[in-house]
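Asker: Have a look at the structure that comes next, please.
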Amino acid sequence: MSGTIFTFTTPPVHPTTNHLTLSDHWDHLRARVGINRSGHLVEPGLYSLGNPTPDSPVFVTANYTLSFDAVRSSLDDWMKCYILVLDTKGINVWCAAGKGTFGTGELVNRIHITGLADKVNHRVLILPQLGATGVSAHEVKKLSGFRVEYGPVRAADLSAYLKTHKATPEMRRVQFNVIERLVLFPVELVKVLPYLLVISIILYFASGPLAAAGAAAAMLAGIFLFPILLPFIPTKDFSSKGFLLGGLIALPFALAAYRYGIEPAPCIHISRAITPMLLMPPVTAFISLNFTGSTTFTSVTGVRKEISTYTRVMAWMFASGTATLIILAILRITGW
Amino acid sequence: MFDSYRSNTLQYDPVKCINCGMCTTVCPHAVFAPGENEVRLADYLACMECGACQMNCPTGAITVESGVGCAYAMFYAALTGKDEPTCGAGDDACCS
Ligand code: SF4
Ligand code: SF4
């Protein structure tokens, strides 16, 4: 009878598989594009994969579908294990750890709620390495009796890790390869697209198609070219890289603007050429600067420094560029 | 001026280190390297101030001011006058 009461107090273990369905992929796509940002979550709790025994390993992850699915899909068919899903409010491991929701408190709490100690014989939890920012291994041990073992940074290395319970130095390092940089692109695009459309349309009517294309080029350079070219642009700061890239993109526009139409005064030609050089680089640089948040390289101290070093330059260039643009538009409309 | 990442807030006191190796395990940038009696600060500039080492050092040998390196959050903090930039879950969070 006491057994029955016990099963009432601990929630059931949810069975899961390592197989991703079409609807899982659909969910991932929507998550990557930033649709329904806080809606990609699984229920926190204990999951079982392939009929685990009390000796099976326990992996810990966040209740963001991309995190949870990365773990289960990277595990081999024959692997029997438990997956303990923490309540991170649908945020991935890295960001949740930074905020402390993927943290010591939630981990210890979830161990108790799920009755994990009664389900397994051992006292070892395998956490993603990037969760270490929010979890204190020695505190967890003190509070729950479970020893925290930090697995590899990437879920894809889990199978290899399990063989020896040792991560190679490569498995311990974060990378930011071109694929990882490119998955950021859709979310950024969705964020920037409304501005891009509105600004391009306004510019189209105020100064013509060239200006509209220039605005679009500056923004797309920031969200698409910048992450691709990040390691190859020869400066250190994200903003200066963005300025360089934006300047390069602006050059043909400056040239085209200089040659555009027949005007009596050379100063009009020159002002037309200067406008894209003033407007485009700060736009690209601003978008580039925002990538600091998506990378796992930039320190808070550094980003703060970047912001204070460059935002004023961006603002001044942008303001004077806008001023020349407005003056030129007025001259054009008044038929000067 | 053109390298904003020349300094950070990481501090390490080798005297307190018991060479448990946790910091070398958790650091995603190999800032710490194993040593004979205590770990070595091998690549100080690579530190991104994530705080994982401080969090997992059992003796308090490491301190670092960690925070969210998110520019959106910092602009927001600068504009609203709040000093601690954080990402909000649920609302327009910068990371997901
Ligand atoms: S704060 Fe993070 S990046 Fe810096 S040394 Fe510690 S673990 Fe490494
Ligand atoms: S975690 Fe602390 S005690 Fe352990 S090796 Fe690193 S500095 Fe030394």
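Asker: Please note which helices (runs of 4 or more DSSP H) are completely contained in the stretch A:89-138 and include at least 2 residues that are charged (D, E, K, R). Write out each step before concluding.
Answerer: On the way: elements: A:93-99, A:104-114, A:116-119.
Qualifying helices (runs of 4 or more DSSP H): A:104-114, A:116-119.
Asker: Would you mention how many residues in the stretch B:49-58 are open to solvent by less than 40 Å² (accessible area, probe 1.4 Å), within 7 Å of chain A (Cβ to nearest Cβ) and touching a residue at least 24 places away in the same chain (Cβ under 8 Å)?
Answerer: 3
Asker: Just to be sure, is B:I18 in contact (Cβ under 8 Å) with a residue 24 or more places away in the chain, surrounded by fewer than 14 Cβ atoms within 10 Å (Cβ to Cβ) and within 7 Å of ligand 2 (Cβ to nearest atom)?
Answerer: When the stated conditions are applied, B:I18 passes them.
Asker: Looking for something free of Cβ contacts under 8 Å to residues at least 60 places away in the same chain and part of a helix (DSSP H, G or I) - is there at least one such residue anywhere in the stretch B:26-40?
Answerer: Start the filter on the stretch B:26-40 by keeping residues that are free of Cβ contacts under 8 Å to residues at least 60 places away in the same chain, which leaves B:26-40.
Now narrow it down to the ones that are part of a helix (DSSP H, G or I): B:26.
Checked against the condition, which is being free of Cβ contacts under 8 Å to residues at least 60 places away in the same chain and part of a helix (DSSP H, G or I), the stretch B:26-40 yields at least one hit.
Asker: Same structure again: All but one of (1) surrounded by 22 or more Cβ atoms within 10 Å (Cβ to Cβ); (2) touching a helix residue (DSSP H, G or I) at 6+ places or on another chain (Cβ under 7 Å) hold for A:F68; which doesn't?
Answerer: Result: A:F68 fails condition (2) only.
Asker: Right, next: Any chance the stretch A:320-328 includes a residue that's within 14 Å of chain B (Cβ to nearest Cβ) and either in contact with a helix residue (DSSP H, G or I) (Cβ under 6 Å, 6 or more places away or on another chain) or closer than 24 Å to A:L230 by Cβ (or both)? Before you say what the answer is, go through the steps one by one.
Answerer: Residues of the stretch A:320-328 within 14 Å of chain B (Cβ to nearest Cβ): none.
So far as the stretch A:320-328 goes, no, none of its residues is within 14 Å of chain B (Cβ to nearest Cβ) and either in contact with a helix residue (DSSP H, G or I) (Cβ under 6 Å, 6 or more places away or on another chain) or closer than 24 Å to A:L230 by Cβ (or both).
Asker: So how many residues does the stretch A:16-36 have that are within 18 Å of A:I91 (Cβ to Cβ) and small (G, A, S)?
Answerer: 2
Asker: Here's another thing I want to ask about it. Going by the structure shown, is A:A250 of a type in the set (G, A, S), farther than 20 Å from A:V178 by Cα, in contact (Cβ under 8 Å) with a residue 24 or more places away in the chain and within 14 Å of chain B (Cβ to nearest Cβ)?
Answerer: Judged against the criteria, A:A250 is not a match.
Asker: Oh, and also: Please state which of the following conditions B:C57 fails to meet, knowing it meets all the rest: (1) over 26 Å from A:C95 (Cβ atoms); (2) in contact with a helix residue (DSSP H, G or I) (Cβ under 7 Å, 6 or more places away or on another chain); (3) modelled with pLDDT of 90 or more.
Answerer: (1)
Asker: With the condition kept exactly as written, say whether any residue in the stretch A:67-80 is basic (K, R) and either within 11 Å of chain B (Cβ to nearest Cβ) or part of a loop (DSSP other than H, G, I, E, B) (or both).
Answerer: As a first pass, look at the stretch A:67-80 and keep what is basic (K, R): A:72, A:80.
From what is left, the residues that are either within 11 Å of chain B (Cβ to nearest Cβ) or part of a loop (DSSP other than H, G, I, E, B) (or both) are A:80.
Looking for residues that are basic (K, R) and either within 11 Å of chain B (Cβ to nearest Cβ) or part of a loop (DSSP other than H, G, I, E, B) (or both), one finds at least one in the stretch A:67-80, hence yes.
Asker: Tally up the residues in the stretch B:2-21 that are within 10 Å of ligand 1 (Cβ to nearest atom) and either part of a loop (DSSP other than H, G, I, E, B) or among the hydrophobic types (A, V, I, L, M, F, W, C) (or both), please.
Answerer: Total meeting the criteria: 3.
Asker: Within the group A:E180, A:E139, A:E170, which residue is at pLDDT 95 or above and open to solvent by 20 Å² or more (accessible area, probe 1.4 Å)? Talk me through it step by step, then tell me what you get.
Answerer: On the way: A:E180 fails: at pLDDT 95 or above; A:E170 fails: at pLDDT 95 or above.
Unique residue meeting the criteria: A:E139.
The values are calculated or read from the model by the stated rules, or taken from the named source; none is laboratory data. What you are looking at is a predicted structure, and each value in this text was computed from that prediction instead of being measured. No Cβ is skipped: glycine too gets one built from the backbone with ideal geometry, and neighbour counts run over all protein chains shown. For the accessible areas, the whole protein counts, side chains as well, though only heavy atoms, and no ligand, DNA or RNA atoms are used. Shrake-Rupley method; radii C 1.70, N 1.55, O 1.52, S 1.80 Å.
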